[in-house]
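Chemist: This is the structure, below, for whatever I ask next.
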Amino acid sequence: MNRILIVEDEIAISDLIKIELEERCYICDIENDGESAAELIEKKNYDLILLDIMLPKIDGYELLEYIKQKANIPVLFVTAKNQTRDKIKGLNLGADDYITKPFEIEELIARIEAVLRRYNNGNEVQNIGDISINVISRTVMKNGREISLTPKEFDLLVLLIQNKNFALYRETIFEKVWGEELEFETRTLDLHIQRLRKKLDWKDKIKTVYKIGYMLCI
């Protein structure tokens, strides 16, 4: 599962973000000032940091510079500072994205997913638990043993990984994997999902989302 650090001094906002992210299978920690956040970053590994600018003790700009010196962790600014010069400063310091308050939670989720995809897609090999996926050779290994997937099963797996913890509509999956619109009810997608669950032993990871489609929860 992706681990996200929320650095936000407004308790109501940090709690809301945490609730929404945990519903989508993320693991979240919260810190309410820059100094405590810096100490936690020393102790734990994070896949993404959501960072306010106006923080007690150490502000977001200073903390961003510290983060970039310590590790290659993507940072998304979530802040009330909406001036263009503030956004430019944040991006120039190394922020991967910038969203201003007030925001729609769905937009924030979409931006989080986009940032994580950019980081993940840069890797030829992706490891998820005991599964290793090589997107160049199109091979999948489980505990050192190759798992035989059909071309469509592999494409479906990659699509789920690229959108992990994000519910995908059946129509979207069908169009992306099969290259055509889903114009009538078909069991093709469901059968491919069932085979992936069985072959990878991911019965609990590939979840059915009622009235939407499927989601890889890791």
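Chemist: So Glu106 fits all but one of (1) at pLDDT below 95; (2) in contact with a Lys or Arg (Cβ under 8 Å, 6 or more places away or on another chain); (3) not in a loop (DSSP other than H, G, I, E, B); what number is the exception?
Modeler: Unmet condition: (2).
Chemist: A follow-up question, please. Test of understanding: among Lys142, Lys176, Lys152, which residue is more than 30 Å from Leu16 (Cα to Cα) and either touching a His at 6+ places or on another chain (Cβ under 8 Å) or among the aromatic types (Phe, Trp, Tyr) (or both)? First the steps, then the outcome.
Modeler: Working: Lys142 fails: either touching a His at 6+ places or on another chain (Cβ under 8 Å) or among the aromatic types (Phe, Trp, Tyr) (or both); Lys176 fails: either touching a His at 6+ places or on another chain (Cβ under 8 Å) or among the aromatic types (Phe, Trp, Tyr) (or both).
When all the criteria are applied, what remains is Lys152.
Chemist: Which residue out of Asn82, Asn72 is in a loop (DSSP other than H, G, I, E, B), closer than 30 Å to Lys205 by Cα and not assigned by TED's automatic domain parsing to the domain that holds Thr208?
Modeler: Step by step, each of Asn82, Asn72 is checked, and only Asn72 is in a loop (DSSP other than H, G, I, E, B), closer than 30 Å to Lys205 by Cα and not assigned by TED's automatic domain parsing to the domain that holds Thr208.
Chemist: Considering the stretch 28-87 alone, what residues qualify as being aliphatic (A, V, I, L, M), over 16 Å from Ile11 (Cα atoms) and touching a Phe, Trp or Tyr at 6+ places or on another chain (Cβ under 6 Å)? Walk me through how you get there before you give the answer.
Modeler: Kept after step one, since they are aliphatic (A, V, I, L, M), are these residues of the stretch 28-87: 30, 37-38, 40-41, 48-51, 53-55, 58, 63-64, 67, 71, 73, 75-76, 78, 80.
Pick out the ones that are also over 16 Å from Ile11 (Cα atoms) and you get 38, 40-41, 48-49, 58, 63-64, 67, 71, 73, 75-76.
Those that are aliphatic (A, V, I, L, M), over 16 Å from Ile11 (Cα atoms) and touching a Phe, Trp or Tyr at 6+ places or on another chain (Cβ under 6 Å): Ala38, Ile73.
Chemist: Here's something else I'd like to know. Only one residue in Leu159, Leu216 is modelled with pLDDT of 90 or more, surrounded by 14 or more Cβ atoms within 10 Å (Cβ to Cβ) and under 17 Å from the mean Cα position of the chain (by Cα). Which one? Steps first, please.
Modeler: Numbers: Leu159 fails: modelled with pLDDT of 90 or more.
None of the others qualify; the one that does is Leu216.
Chemist: Something else now. What is the one condition in (1) crowded, with 20+ Cβ neighbours inside 10 Å; (2) within 30 Å of Leu149 (Cβ to Cβ); (3) not charged (D, E, K, R) that Ile128 does not satisfy?
Modeler: (1)
Chemist: Here is a further query. For the stretch 88-103, give me each residue that is assigned to a helix (DSSP H, G or I) and surrounded by fewer than 18 Cβ atoms within 10 Å (Cβ to Cβ).
Modeler: As a first pass, look at the stretch 88-103 and keep what is assigned to a helix (DSSP H, G or I): 88-92.
Once the filter is applied, which keeps residues that are assigned to a helix (DSSP H, G or I) and surrounded by fewer than 18 Cβ atoms within 10 Å (Cβ to Cβ), the stretch 88-103 yields Ile88, Lys89, Leu91, Asn92.
Chemist: Out of all the residues in the stretch 2-27, which are in contact with a helix residue (DSSP H, G or I) (Cβ under 8 Å, 6 or more places away or on another chain), modelled with pLDDT of 95 or more and of a type outside the set (A, V, I, L, M)?
Modeler: Within the stretch 2-27, just Glu8 meets the criteria.
Chemist: Write out, first by first residue and then by second, each pair whose Cβ atoms fall under 6 Å of each other, whose residues are 6+ apart or on separate chains, and whose first residue, in the stretch 71-96, is without any contact (Cβ under 8 Å) to a residue 40 or more places away in the chain while the second is among the aromatic types (Phe, Trp, Tyr) and surrounded by 16 or more Cβ atoms within 10 Å (Cβ to Cβ).
Modeler: Note: pairs meeting the criteria are Ile73/Tyr46; Phe77/Tyr98; Lys87/Tyr98; Gly90/Phe77; Gly90/Tyr98.
Chemist: I'm checking my understanding of the structure. Among residues of the stretch 104-125 that are of a type outside the set (A, V, I, L, M, F, W, C) and surrounded by 14 or more Cβ atoms within 10 Å (Cβ to Cβ), which one is nearest to the chain's Cα centre (by Cα)? Can you show your working first?
Modeler: If we filter the stretch 104-125 for residues that are of a type outside the set (A, V, I, L, M, F, W, C), which is where we start, we get 104, 106-107, 111, 113, 117-124.
With the extra rule that they be surrounded by 14 or more Cβ atoms within 10 Å (Cβ to Cβ), the set shrinks to 111, 113, 117, 119-120.
Details: Arg111: 9, Glu113: 4, Arg117: 7, Tyr119: 9, Asn120: 9 Å.
Selected residue: Glu113.
Chemist: A further question on this structure: Can you tell me which of (1) surrounded by 14 or more Cβ atoms within 10 Å (Cβ to Cβ); (2) in contact (Cβ under 8 Å) with a residue 12 or more places away in the chain is the one Ile136 doesn't meet?
Modeler: (1)
Chemist: Okay, next question. Within the stretch 1-60, which residues are among the charged types (D, E, K, R), in a loop (DSSP other than H, G, I, E, B), under 22 Å from the mean Cα position of the chain (by Cα) and closer than 19 Å to Tyr98 by Cα? Talk me through it step by step, then tell me what you get.
Modeler: Of all residues in the stretch 1-60, those among the charged types (D, E, K, R) come to 3, 8-10, 15, 18, 20, 22-24, 29, 31, 33, 35, 39, 42-44, 47, 52, 57, 59.
Then drop every residue that is not in a loop (DSSP other than H, G, I, E, B), which leaves 8-10, 24, 33, 44, 47, 52, 57, 59.
With under 22 Å from the mean Cα position of the chain (by Cα) added as a condition, the list becomes 8, 24, 44, 47, 52.
Residues satisfying the conditions are Glu8, Asp47, Asp52.
Chemist: If Gly213 passes every condition in (1) free of Cβ contacts under 8 Å to residues at least 40 places away in the same chain; (2) in contact with a Lys or Arg (Cβ under 7 Å, 6 or more places away or on another chain) but one, which one does it miss?
Modeler: Unmet condition: (1).
The values are calculated or read from the model by the stated rules, or taken from the named source; none is laboratory data. Remember, predicted model here, so these are calculated numbers, not experimental data. Note that each Cβ is placed from the backbone with ideal geometry, even for glycine, and that neighbours are counted across all protein chains shown.
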